[in-house]
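Encoded as structure tokens, the structure appears first; notes follow it.
The values are calculated or read from the model by the stated rules, or taken from the named source; none is laboratory data. This one's a predicted model, so the numbers in the text were calculated from it and none came from an experiment. For neighbour counting, all protein chains shown are included, and Cβ atoms are generated from backbone atoms with ideal geometry for every residue, glycine included. The accessibility values were calculated without ligands, DNA or RNA, using every heavy atom of the protein model including side chains. Shrake-Rupley method; radii C 1.70, N 1.55, O 1.52, S 1.80 Å.
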2 protein chains.
Amino acid sequence: MATTTPNASRTARDRARRELTEEIKRVARRHLAEHGSAALSLRAVAREVGMVSSAVYRYFPSRDDLLTALIIDAYDAVGERAEAAESASRDRGADARWLSVCEAVRAWALANPHEYALIFGSPVPGYAAPEATIGPASRVPLVLLRLLGDGVASGEFVAGKTPAMSRTTRSDFAQLRRTAAPAVPDAVLSRGLSVWAQLLGGINLEMFGHLHNVIRDYDAFFTLQMRRACEFLTQGV
Amino acid sequence: MATTTPNASRTARDRARRELTEEIKRVARRHLAEHGSAALSLRAVAREVGMVSSAVYRYFPSRDDLLTALIIDAYDAVGERAEAAESASRDRGADARWLSVCEAVRAWALANPHEYALIFGSPVPGYAAPEATIGPASRVPLVLLRLLGDGVASGEFVAGKTPAMSRTTRSDFAQLRRTAAPAVPDAVLSRGLSVWAQLLGGINLEMFGHLHNVIRDYDAFFTLQMRRACEFLTQGV
DNA sequence: ATCGAGGGAGAGCACTGCTCTCGATTCACC
DNA sequence: GGTGAATCGAGAGCAGTGCTCTCCCTCGAT
């Protein structure tokens, strides 16, 4: 049984498979970036890769699976940017680091609108996020939660008054604390989620055209909003 | 010229046209609600209405135009709910009224997830919002801006310190003030947009599954977040 | 009464996702 | 080495899509 694939990753077949899988993904990613997710055609990708459509099904069992692979890549891409922004600003204050992660997320979104829409816009219809996405999907939130912990530890993030909350919510926060943000009080956790929502909400408003004819200088507006949000986050003011 | 259609809305033909247009939209809306926007098939709608697909093109020049009609309806639906919530809470404080509008928006979103995704999720690919949508799309924001004005007038919303902002942003705010929110200072306008972003961001997080395994009691969490947001909005704290 | 516009039906085009079958190649084991 | 099984590409085909074009009937303004 174990001997049926003794050195699976070394055979020429396996290498070819790996490379072709990557090639398909690369072309698909380009199609996605250029025309959006709904226009992503398995046949068109196949044509460009130089195979017939049915052959692609040897690599991805369905169009949705191909899309899932791209979703994972997209999550990993933002995650990487966020992590890079975090470590690049390691010598600055916790609020500045949080801000820099937010800016990084927005920058990535602006540079990859369709990928952003794929993961933070409406999910493609009838598509339920499979298990495999939750890891990559948590990378950005984990960075922010870690920063929350840092800020609390350094005394930069003050709890302020704790808002009244239900038992369930309190226990949700407790579990979140246990999982990813030790010692972060409920009040800070709550404000952190607020700012996270505001970040994505703000990017959505901007990218999906809801600020058209309202805001002209998106960069300045975003920075203004996020500066204020970080003030609120750290001080509760 | 004017005599070519002397009583256009009275002829049987015209009535039939109006009714059929509505019937198509009704069926399409149901399909949208049940299977999502990408699964909205003009042919399937036609079948159910009892015509052949080509006949539908007499009423809607393309699938996108049918979708646009549904988008307008969706905007009008949330707009109506928001307006109703606003006038139902007319005797309460400005913050409570703002909160009640937010709750109304979320309630509508939960009841009509696909419609919500259609207007506040990622726009359907290759689809640019046509002029006709901007009126209905502004109904909710206008309600909130009006409440901002009320709150400022009654002294419930205090400006607090005005954050530093660029000239462009200042002039964007000035125009917004001129258009829809007279006498609302920049600081309050800015916080209003923050909370608007947070509202939509929060609903998105919830509806698109980003809080899965994090939050269990969505209702309680939303209320907590929005209460806090409204506090921030009114007091700047 | 007439004649043109409106509107439904049908065929057809180019495309999609996906399945199945059929050879050819490649790999693992003896 | 040779051999049998797994792998994989190609092709045909099915059911569905959006959209166009042509045909023809019916309604209504003149």
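Please identify the trypsin sites (Lys or Arg not before Pro) of segment B:79-138 that satisfy two criteria: DSSP loop assignment and at most 15 other Cβ atoms within 10 Å. Which are they?
Working: sites: B:81, B:90, B:92, B:97, B:106; in loops: B:90, B:92.
Passing sites in segment B:79-138 are B:90, B:92.
One quarter of the convex hull surface built on the alpha carbon atoms of segment A:92-237 amounts to 10.1 nm², the projected area averaged over directions.
Mind giving me the FRET efficiency for residue A:212 and residue A:51? R0 is 30 Å, r the Cβ-Cβ distance, nearest 0.05 is fine. So the FRET efficiency works out to roughly 0.10. Helix B:139-153 against the longest principal axis of chain B: what's the angle in degrees, Cα atoms only, rounded to the nearest 10? Once rounded, the angle reads 20 degrees.
A straight Cα-to-Cα reach below 27 Å connects residue B:161 with the lysines A:161, residues fewer than 8 places away in its own chain not being considered.
What does the helix-only formula give at 222 nm for chain B: each DSSP H stretch with n ≥ 4 adding -39500 (n - 2.57), the total divided by the residues, and the result rounded to the nearest 500 deg cm²/dmol?
Calculated at 222 nm, the ellipticity per residue is -22000 deg cm²/dmol.
Roughly what angle does helix A:218-235 make with the longest principal axis of chain A, taking Cα atoms, 0 to 90 degrees, to the nearest 10? It is inclined by approximately 60 degrees.
Against the main long axis of the alpha-carbon atoms of chain B, helix B:186-207 sits at an angle near 50°. Think of segment A:4-92 as having a plus end and a minus end, set by charges on the Cβ of Lys, Arg, Asp and Glu; of A:67, A:45, A:55, A:55 sits farthest toward the positive end of this dipole. Three principal axis extents describe the C-alpha atoms of segment A:98-176; from largest down they are 40, 31, 21 Å. Along segment B:62-68 the Karplus relation, 6.51 cos²θ - 1.76 cosθ + 1.60 evaluated at θ = phi - 60°, assigns HN-Hα couplings of 6, 4, 4, 5, 4, 4, 4 Hz to successive residues, with x for each Gly and Pro.
Peptide B:33-43 shows a mean partner chain C-beta count of 2 within 10 Å per residue C-beta.
Over all pairs of different C-alpha atoms in the protein assembly as shown, the reciprocal of the mean inverse distance, the Kirkwood hydrodynamic radius, equals 24.4 Å.
Using the alpha carbon gyration tensor of segment B:1-122, what are the three equivalent-ellipsoid semi-axes (square root of 5 times each eigenvalue), largest first, in whole Å? Walk me through the numbers before you get to the answer.
Working: eigenvalues 226, 89, 21 Å².
Semi-axes (√(5λ), whole Å): 34, 21, 10.
Just reorder A:72, B:71 by solvent-accessible area, largest first, 1.4 Å probe, all chains present. Before the final figure, lay out each step's value.
Working: A:72 35, B:71 15 Å².
Listed by decreasing accessible area, they come as A:72, B:71.
Look at the stretch A:228-237: the mean tally of other chain Cβ atoms within 10 Å of its residues' Cβ atoms is 3. Can you grab the distance from the C-alpha centre of segment B:128-192 to the C-alpha centre of segment A:112-171, Å, no decimals? After rounding, the separation between the Cα centres reads 28 Å.
Suppose every K and R has +1 on its Cβ and every D and E has -1 on its Cβ; what is the size of the dipole of the protein assembly as shown about the Cα centre, in Debye to the nearest 20?
Working: 58 positive and 52 negative charges, 100 e Å.
Magnitude of the dipole: close to 480 debye.
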